[in-house]
Amino acid sequence: MKKITILWVDDEIDLLKPHLMFLESKGYHVQTCQSGQDALEEIGQHFFDIVFLDENMPGLSGLETLTEIKKLESNLPVVMITKSEEEYIMEEAIGSKIADYLIKPVNPNQILLSLKKNLDHSRLVSERTTANYQQEFRNIAMDLSMVNNYQEWVELYKKLIFWELQLENIEDSGVFEILESQKTEANTQFSKFVDKQYRSWFEDGQGPVMSHTLFKEWVLPELDSGPALWVVIDNLRYDQWLAFEEVLAPFYRKKSEQGYYSILPTATQYARNAIFSGLMPADMEKRHPEWWKNDTDQGGKNLHEADFLGAQLKRLGYEGQWEYHKISSLKQGKHLAQNFRSQKDNALTVVVYNFVDMLSHAKTEMEVIKELAGNDKAYRSLTLSWFKNSPLLDIIVQAQEMGMKLILTTDHGTINVKQPSKVIGDRETSLNLRYKTGRSLTYNEKEVLAAKEPSKVHLPAIHMSSSFIFAKNDLFFAYPNNYNHYVSYYRNTYQHGGVSLEEMIIPFVVLEAK
């Protein structure tokens, strides 16, 4: 293995011989020089893993040398060593992106710790994380065998996501594969749980907070304590929320974070309309036939969310001033951001943002997005990049400046589908890849959750004999006609509508302005 090479720059280098001998004994190779100018020449001619740089030197000072080093090798770690504890020197050094800051006199163990922190950090973290997960693996396996209610499933899913985020950058890919197998097993067990319990959730007090009860149970109580911005990001998974949570930290502190359940189908037409109406789809069709559209009806299926919300607010006796905005393009987002101050008198401002849903559809249709979002890690990264640079973040920052509470949630999640499941239906069968509704559906009963009587799960029946089926795990429905092309086109794309932890258990977060 190649020795790690250190450049140590100090005008009194002879006094540091004990430190140099200590490092050599630990297997490091140390090159020395006594001025900033010499250091720059060495860095220009040779490769170094890290630089220890004295701040107080004649000629070029440590800070001046640091600036020049960063011009030559921007990613070369530099540890500043100084006798001074003056605050401005620390701020200058930190502002120049030093790797570490040590105050003289330093002892050999401080130097060794700094080296390990900067050069062995990823390896040490990887080893420790792997060891911790291996210990936790048994606990998760035990939880999987014992979990038996909807709240325990929320906690187990959050635990799996935690470890997924912890393990995504480790060097041991085998450990990550073990976690993936646990997630697969979890989804298998979760599908069985939903199949057994879902119908009972609609009995009084039996179920979790779901799409149709979310506003009344969790949003409305938050509106008693001042103006609120309620953001519904379409198609946002729990792991994607965690990926960009830290972006909000300078502006908002988290008051609460809970997981709630999307209704079935976990699709925008059903779940988001349920959120805003406070009703299940069968009840929407009955009470508001002028606004509800079934799968086979022509026209947009989510054109009346503001109408549904207005009707729910009236039913609940809410009298505060409110406005609703749907953002489906960059132009719309920028326009709202530019005019957001006009919302200052609202008790409730609702923003539906469709970018993540567009991203998942683009992955299906565009090769470049397939490359950029090839797996869950990349999908999270792409979501984070969008959020950091989106008009939505601008809107949220303005809301914080206006003292508005932030309520952030979604309508459903999405899952990367891997395996096809054959289905046969007539011409009026719905087109979604994760659920189907229609007459005379033929399917593999082991691979679906079936609702042969839609009314029992509060879904509308297009025909007297219509039924619904929902794909489990990472399956997607494929017709026998042109089967191989269809499977090749949709495999490894992000879809929603079915039964999985990723689609059904989704975040509801309340944040208060700092």
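Before moving on, here are some points about what is shown:
- Rounded if a/c under 1.5, otherwise prolate or oblate - the range 1-50, Cα gyration tensor axes: oblate
- Seen through its C-alpha gyration tensor, with square-root eigenvalues sorted a ≥ b ≥ c, the range 118-208 comes out prolate because a/c lies at 1.5 or above while a/b is bigger than b/c.
- Contour minus Cα-Cα distance for Gln151 and Arg138 (0.36 nm per residue): 2.6 nm
- Lysine pairs in the range 5-119 whose alpha-carbon atoms fall under 14 angstrom of each other, counting only those eight or more residues apart or on distinct chains, come to 4.
- The chain - charge dipole about Cα centre, Lys and Arg +1 at Cβ, Asp and Glu -1, debye rounded to 20: 2080 debye
- When peptides 151-160, 406-415, 97-106 are sorted by average Cβ neighbour count within 10 Å, with the highest value leading, the order is 406-415, 151-160, 97-106.
- Positive-end ranking of Ser467, Gln45, Ala378 along the dipole of the chain, with charges on Cβ about the Cα centre, is headed by Ser467.
- Relative contact order for the range 243-351: 19 percent, from Cα pairs under 8 Å spaced at least 6 residues apart, divided by residue count.
- Candidate lysines - alpha carbon under 22 Å from Lys456, same-chain residues fewer than 8 apart omitted: Lys192, Lys196, Lys286, Lys293, Lys436, Lys446, Lys472
- Label zone at His463, where the point sits 7 Å out along the Cα-to-Cβ direction: the range 282-307 residues whose backbone N lies under 13 Å: 296
- Residue-span extension gain [Ser329 to Lys452] - 0.36 nm each, minus C-alpha spacing: 40.5 nm
- Here the 3J(HN,Hα) profile of the range 211-219, calculated from phi with Karplus coefficients 6.51, -1.76 and 1.60 at θ = phi - 60°, is 3, 6, 10, 4, 5, 5, 7, 10, 7 Hz, Gly and Pro shown as x.
- For the range 5-119, the spread of Cα positions along the three principal axes, ordered from largest to smallest, is 34, 32, 26 Å.
- Annotation: amide H-H contacts under 5 Å for Lys255 (H modelled 1.01 Å from N, sequence separation of 5 or more, or interchain): Val510, Leu511, Glu512.
- Label-point separation in nm, Asp297 to Glu24, each point 7 Å along Cα→Cβ: 8.4 nm
- For Leu113 and Lys388, a Förster radius of 35 Å and the Cβ-Cβ distance give a FRET efficiency of 0.60, rounded to the nearest 0.05.
- Ser488-Leu316 FRET efficiency (beta carbon distance; Förster radius 51 Å; 0.05 resolution): 0.55
- FRET efficiency for the pair Lys159 and Asp195, taken as 1/(1 + (r/R0)^6) with r the Cβ-Cβ distance and R0 = 22 Å, rounds to 0.45.
- A dipole drawn for the chain from +1 and -1 charges on Cβ atoms has a positive end, and of Thr429, Gln343, Leu303 the residue lying farthest that way is Thr429.
- Among the listed options (i) 53, 28, 20; (ii) 36, 27, 22; (iii) 50, 30, 21, the one matching semi-axes √(5λ) of the Cα gyration tensor in Å as calculated from these coordinates is (i).
- Of the peptides 320-327, 130-137, the ranking by mean beta-carbon count within 10 Å, highest at the top, reads 320-327, 130-137.
- Within the chain, percent of DSSP bridges classed antiparallel, to nearest 5: 40 percent
- Using C-alpha pairs below 8 Å separated by at least 6 residues, the relative contact order for the chain is 16 percent.
- Angle between the chain longest axis and helix 150-167 axis [Cα atoms, degrees, rounded to 10]: 30 degrees
- Placing unit charges on the Cβ atoms only, positive for Lys and Arg and negative for Asp and Glu, gives the range 410-514 a dipole magnitude near 240 debye about its Cα centre.
- Computed over the range 371-514, the quotient of the alpha carbon radius of gyration and 2.2 N^0.38 Å is 1.32.
- With the simple spin-label model, which puts each label point 7 Å out from Cα in the Cβ direction, the Lys514 to Leu72 separation comes to 3.7 nm.
- Placing unit charges on the Cβ atoms of the charged side chains and taking the dipole of the chain about its Cα centre, the candidate lying farthest along the positive direction among Leu76, Asn118, Pro420 is Pro420.
Every number in this text was worked out from the coordinates using simple rules, so none of it is lab data. Everything numeric in this text was worked out from a predicted model, so none of it was measured. FYI the Cβ positions are ideal-geometry reconstructions off the backbone, even for glycines, and counts take in every protein chain you see.
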